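Worksheet: one structure, shown below.
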Amino acid sequence: MLGTESPGRWETEGTASPEAALPGRRLSELVERAVRCTADCCGASSMVAEGSPERHTTVTHPDLGALVAVQLRSGEGPIPAALDRGAPVDSADLLRDERWPAYRAVALDSGVRSSVTLPFRRRGLTITLSLYSFRPGALADVPHGPARALGEVTATGLVRDRSYRAALTEVDQLGTALRSRPVVDQACGIVMHALGCDPDTAFGVLRRVSQDSNRKLFDVASAVVGRRGQGLEHDLAALLN
């Protein structure tokens, strides 16, 4: 059964990935703040999905992890329903609510009598925030209260985080390309001299070696430059046939 201790952080899925730690921090802050600002709330859970089967979830009490897991496993419960509708889904009294029997059984076993789940969607990213209470009918105002505002802010922050990570990746790739370009150009010159071909053909030869050997183009070019074309004429010429 759920205890009454202060909210903590229990992350149930996706914690092995370094990338998962980024949304994990946001979700942990969200559930903790949502519990503090919601009267009669005994705990909260949050989940984020970013266009892949992986789901990263965070709960304020370990017993709530089972509540999330049974919904993801069965595909039934307030979280799947909220994702499907794109609107809040609540159960005012799980003792009388006969929907989602598997979820209901786990909730009542944990002492949870009512719950509400809010969905938030932003550009391919989906977040859910679920709040739970030991009392029936205690969460009726949640869809219009501060917990919703916290969810909106968290969703916006996660999208910003994702855009920032994408920008860093692009900058890193650009930097790699700029560093490798002189080596590739030098290797093309060596191939042109060795085979008596034009620049496009020389680059095509390097790219084919890269693909056939499953090596990066930069590594192939570096090897050509390192050998300065010596002994490469026969090997390179074979690729043109």
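The values are calculated or read from the model by the stated rules, or taken from the named source; none is laboratory data. This structure is a prediction, so every number in the text was calculated from the model and none was measured. Glycine gets a Cβ as well: all are built from the backbone with ideal geometry, and neighbour counts include every protein chain shown. Just so you know, the surface numbers come from the protein's heavy atoms only, side chains and all, with ligands and any DNA or RNA stripped out. Shrake-Rupley method; radii C 1.70, N 1.55, O 1.52, S 1.80 Å.
Just wondering, is there one or more residues in segment 127-145 that are assigned to a helix (DSSP H, G or I) and under 27 Å from the mean Cα position of the chain (by Cα)?
Step one: filter segment 127-145 for residues assigned to a helix (DSSP H, G or I), giving 142-144.
Filter again for under 27 Å from the mean Cα position of the chain (by Cα), leaving 142-143.
Yes, the conditions are met somewhere in segment 127-145.
Scanning segment 121-140 for residues that are closer than 20 Å to C42 by Cα and surrounded by fewer than 18 Cβ atoms within 10 Å (Cβ to Cβ) turns up F134, R135, P136, G137, A140.
You will find that of L72, L95, L67, L118, the residue that is open to solvent by 10 Å² or more (accessible area, probe 1.4 Å) and either over 21 Å from F134 (Cβ atoms) or not in a loop (DSSP other than H, G, I, E, B) (or both) is L72 and no other. Within segment 38-55, can one find any residue that is farther than 26 Å from D161 by Cβ, surrounded by fewer than 22 Cβ atoms within 10 Å (Cβ to Cβ) and of a type in the set (S, T, Y)? No, there is no match, as no residue in segment 38-55 is farther than 26 Å from D161 by Cβ, surrounded by fewer than 22 Cβ atoms within 10 Å (Cβ to Cβ) and of a type in the set (S, T, Y).
Scoring L118 on the criteria (1) more than 19 Å from P23 (Cα to Cα); (2) in contact with a Lys or Arg (Cβ under 9 Å, 6 or more places away or on another chain) leaves a single failure, condition (1). Of the residues making up segment 98-112, those that are under 19 Å from G65 (Cβ atoms) and in a loop (DSSP other than H, G, I, E, B) are W100, S110, G111, V112. Within the option set A140, A92, A105, being under 18 Å from A34 (Cβ atoms) and of a type in the set (A, V, I, L, M, F, W, C) holds for one residue only, A140. Within segment 100-108, not a single residue is surrounded by fewer than 20 Cβ atoms within 10 Å (Cβ to Cβ) and touching a strand residue (DSSP E or B) at 6+ places or on another chain (Cβ under 7 Å).
Here is a yes/no grid of residues against (1) at pLDDT below 85; (2) among the charged types (D, E, K, R):
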site: T126; (1), (2): no, no
site: T154; (1), (2): no, no
site: R227; (1), (2): yes, yes
site: Q230; (1), (2): yes, no
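Looking at this structure, is A87 out of contact with any His (no Cβ under 9 Å at 6 or more places or on another chain), open to solvent by less than 50 Å² (accessible area, probe 1.4 Å) and more than 18 Å from F134 (Cβ to Cβ)? Yes: the conditions hold for A87.
In this structure, does H234 turn out to be at pLDDT below 80 and out of contact with any helix residue (DSSP H, G or I) (no Cβ under 7 Å at 6 or more places or on another chain)? Yes, satisfied.
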